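Each value in this text was obtained by applying a stated rule to the coordinates, not by laboratory testing. All of these numbers come straight from a predicted model, not from anything done at the bench. Positions of Cβ are backbone-derived with ideal geometry, glycine not excepted, and every protein chain shown enters the neighbour counts.
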Amino acid sequence: MNLVELNQISKTYDTKVAVDALSLQIEAGKMFGLLGPNGAGKTSTIRMMIGITLPDSGSVTLFGQPFSRKDLPRVGYLPEERGLYKKMKVIDQLVFLGQLHGLDATQAKTRAHQWCERLQILDAIELKTEELSKGMQQKIQFISTLLHEPELIIMDEPFSGLDPVNTQLLQETLLELKNAGKAILFSTHRMDQVEKLCDSICLIDGGKAVLSGGMRELKSRYPRNHVVIDFEGDNSFVRHPVVAEYKAFAGHVEIRLRDGADAQDLLRAALQNAKIYKFELIEPSLEEIFIRTVGRRVDA
Amino acid sequence: MREALLIAKREYVERVRSKAFRISTVLIPLAFAAVFGMGAFSGKMAGGARNIVVASNDPVLAQCTRTELLRARTGKNDAKGEQNAPPTQLHVEVESPVAASDLAALDRQVGSKAIDGYLWLRVQPGQAVPEATYVSRGSADFLGADKMQGAIGDALVREALMDHGVAGAQADDLLHDVDLKTRQVKNGKAVASDASKGFWGAYIMAFVLYFAVVFYGMNVAHSVVSEKTSRVFEVLLATAKPESLMAGKLLGVGAAGLTQMAVWIAAVLLLSASALGSELGQGGLAAYGITPLQLAFFVVYFLLGFFFYSALSAGFGATVSQESEVQQFSMILVMPQLVGLMLMVYILGNPSAWPVVLLSLFPPCTPIVMCLRMSAMAVPWWQLALSLVLMVAATYGVLWVASRIYRVGILMYGKRPTLPEILRWLSYS
């Protein structure tokens, strides 16, 4: 079942078109990546999805019904711009946000304790928010998004500013939630994070969807024309006619093949002068797919 | 509604728990007391023992001046309310006849604090009025300069009366001031009024209104901007409507303000129940000429004024991105009320003049101007009713506009919007 359906939504601010006739669907039990460079319209799209702003045209369907505010307690939203009350105690803050999402105070308190324990910040629960490190504040914000057990979880750049250990912890938590049947929308300009986590994506640029679909299906549309070779010996094979471009390191090269070229030809040439430890034909990264589709880099 | 109440509760609890709240609860009344007390204090100081000398080349005039100075100090009669003045401990000595050359000795006495000052009256032949000089270390602080002048004038009259054989009690009677009573028509009946009491009541109410509305209104703006800078808004907006956020904020800040005022009122009641209080202000509010009706309207105007200005403040707050920018629009909140305060004397003197009536019906000025008018006269019922209708309508209008600006503004960061941009926000859905 589709928990979210955006149908041709558009939004214009004064003269700037933020979102242009965008459509997408998010299924329950799936992780969905909303990708695009900064300013592509990701946050504007999310805001319309949960009624912070209304689209100028097009329609939003949540949980199979036309958008209605009464469904908002079923949504958890972690905005890109994190915001917590600095002077408020962590527990009070979580209880307040839980109550806003329809929990009663006792329920909110119990769950806040459970979550803080799970994310290893139980010690901080009686502290004021301003006394916490940035990473800890991020976790509190993360918990506040999940406290009311939303069916649809929307996270705008959830890992920005987190160290690798906490990023791992949060990723695992998100995967668990996905397996428990929640739909997760995950918006980022960091393509590498999405590749591992998302089942399907929508790549937007200039407010328009430039690429969307299942991750596997999308990648299979592009030929595997990248080769990584670990070797010992002469690297003259990089000048073979099938090679379009290469990056050479000591005992390691990354090669992009010409369109229609056969990687086996390269393997044969390499074997003649070098000892091959690894020869891997890899699929293009999302970043490369983006570049191919849009004609420039994500951060350009 | 539930959202608005939750937000109001959070706003209230966090505010009341904060250090700033506790500090301002204590400091603000102290500041008020200091301002009001200053007058009383300086009066008390002036009431301390004073030794002065009247020096003149005319012994009769010097003696008469001494008499008049003492009479001016104690109050010649009751009409001016001078019976309330602190008991005089004014010692006036007469040195006469004295020549101008003797003044150096008197100067030395003033310098060595043997006396507080001396009044030098020099009568010159052919001149009806003497040349008068008061010499002291400070200014003429034991009496106002005008009263000292009056006393000298009276002394001249007394001297002239003595020349005509009128003396003693008879002269006292002739120099007695007329006792002028003032009466005020309230609700069709003339009742005794006391101009100075009425003034103090009006002054206190207008000042409290001004202060409370500006202070709590600015609190709302600061609170909006701080939520904006800490980016909490976006989290809240994911479940709560902007209108609920704003309503919650106004209710929360307003309730905190009322709590603070309740603490102050309770403190005043406790104080006035104590011995000290009974000395300071007998008869409670009535002593300040405040009637229960006025008090009721005061509360209503306070609430309307608060919501009017706080909504305005919330709307303005939403258009800026930094605390420092809040100051830029504070003048807009202050000006209309300041008009009321600046024209206070005129309003109290001419409470039914048409410009004053119009001003009292103009919603931004209504709370203060109407409270002032009510203490000066019985304002016609239709004017009170009309002012309430206009005020409620204006408050509703401001809430509507502010909530529209608010819902767009709180998501806007960066450059300050221009007025046409803000007007365009009103049409955003």
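Mind checking the mean number of beta-carbon atoms from other chains within 10 Å of the Cβ atoms in B:225-235?
6
May I ask you to sort B:264, B:382 by Cβ crowding, counting other Cβ atoms within 10 Å and putting the fewest first? Don't skip to the end; give the middle numbers.
Values: B:264 15, B:382 8.
Ranking B:264, B:382 by Cβ neighbours within 10 Å, fewest first, gives B:382, B:264.
Given R₀ = 56 Å, FRET efficiency for residue B:303-residue B:101 by Cβ-Cβ distance, to 0.05? Don't skip to the end; give the middle numbers.
Values: r = 71 Å, r/R0 = 1.27.
After rounding, the FRET efficiency stands at 0.20.
Report the residues of the stretch B:386-409 in range of a label on residue B:331: point 7 Å along Cα→C-beta, backbone N strictly under 12 Å from it. Answer for this model: none. Nearest 10 degrees is fine. How inclined is helix A:164-179 to the longest principal axis of chain A, computing both from alpha carbons? With both axes taken from Cα atoms, the answer is about 70 degrees. Evaluating 6.51 cos²θ - 1.76 cosθ + 1.60 at θ = phi - 60° for every residue in the stretch B:374-391, the Karplus couplings come out as 4, 7, 9, 7, 8, 5, x, 4, 5, 6, 4, 4, 4, 4, 5, 4, 5, 5 Hz, glycine and proline recorded as x. Against chain A, whose longest principal axis is taken from its Cα atoms, helix A:263-273 shows a tilt of about 60°.
Per-peptide packing, taken as the mean over residues of other Cβ atoms within 10 Å, places B:164-172, A:118-126, B:248-256, A:37-45 in the sequence B:248-256, A:37-45, A:118-126, B:164-172 from highest down. Residues whose amide H comes within less than 5 Å of that of residue A:13, counting only those at least five positions distant or on another chain, are A:18 (H built at 1.01 Å from N in the peptide plane). Normalised radius of gyration (Cα atoms, divided by 2.2 N^0.38 Å) for the stretch A:1-40: 1.38.
Local charge sum around residue B:231 (other residues, Cβ-Cβ under 12 Å, Lys/Arg +1, Asp/Glu -1)? It would help to have the intermediate numbers written out before the result.
Working: positive: A:82, A:86, B:228; negative: A:80, A:81, A:156, B:227, B:234.
The answer is -2.
Rounded to 0.05, the FRET efficiency of the residue B:396 and residue B:137 pair, given R0 = 60 Å and the Cβ-Cβ distance, is 0.45.
Just so you know, the Cα atoms of the protein assembly as shown work out to an Rg and Dmax of 40.6, 147 Å. Per residue, the average separation of C-alpha pairs within less than 8 Å and at least 6 apart gives chain A a relative contact order of 21 percent. Highest average first, the peptides B:91-97, B:154-160 ordered by how many other beta carbon atoms sit within 10 Å of their residues are B:154-160, B:91-97. Per residue of A:51-62, other chain Cβ atoms within 10 Å of the residue Cβ number 2 on average.
Taking 7 Å steps out from each Cα toward its Cβ at residue A:288 and residue A:192 produces label points 1.5 nm apart.
Can you compute the helix-only [θ] at 222 nm over the protein assembly as shown? Use -39500 (n - 2.57) per DSSP H run of at least 4 residues, normalise by all residues, nearest 500 deg cm²/dmol.
Values: 26 runs with 373 residues, N = 729.
Dividing the helical sum by the residues of the protein assembly as shown leaves -16500 deg cm²/dmol.
Between residue A:221 and residue A:127, the FRET efficiency from the beta-carbon distance, with R0 = 51 Å, is close to 0.55. Positive end of the dipole of chain A (Cβ unit charges, origin at the Cα centre): among A:180, A:253, A:264, the Cα lying farthest that way belongs to A:180.
Could you work out the relative contact order of the stretch A:1-106, using alpha carbon pairs under 8 angstrom and six or more residues apart, expressed as a whole percent?
On the way: 127 pairs, mean separation 27.0, N = 106.
It rounds to 26 percent for the stretch A:1-106.
Against chain A, whose longest principal axis is taken from its Cα atoms, helix A:134-146 shows a tilt of about 70°.
For the stretch B:154-169, putting each phi into the Karplus relation 6.51 cos²θ - 1.76 cosθ + 1.60 with θ = phi - 60° gives couplings of 4, 4, 4, 5, 4, 4, 5, 4, 4, 4, 8, x, 9, 8, x, 4 Hz, in residue order, rounded to whole numbers and with x for Gly and Pro. Look at the stretch A:96-105: the mean tally of other chain Cβ atoms within 10 Å of its residues' Cβ atoms is 4. Among the listed pairs A:42/A:182; A:196/B:241; A:134/A:219, a Cα-Cα separation exceeding 31 Å is found for A:196/B:241; A:134/A:219.
Taking every pair of distinct Cα atoms and averaging 1/r, then inverting, what Kirkwood hydrodynamic radius in Å comes out for chain A?
21.5 Å is the Kirkwood radius here.
The simple spin-label model puts a point 7 Å past each Cα toward its Cβ; for residue A:68 and residue A:118 those points are separated by 2.9 nm.
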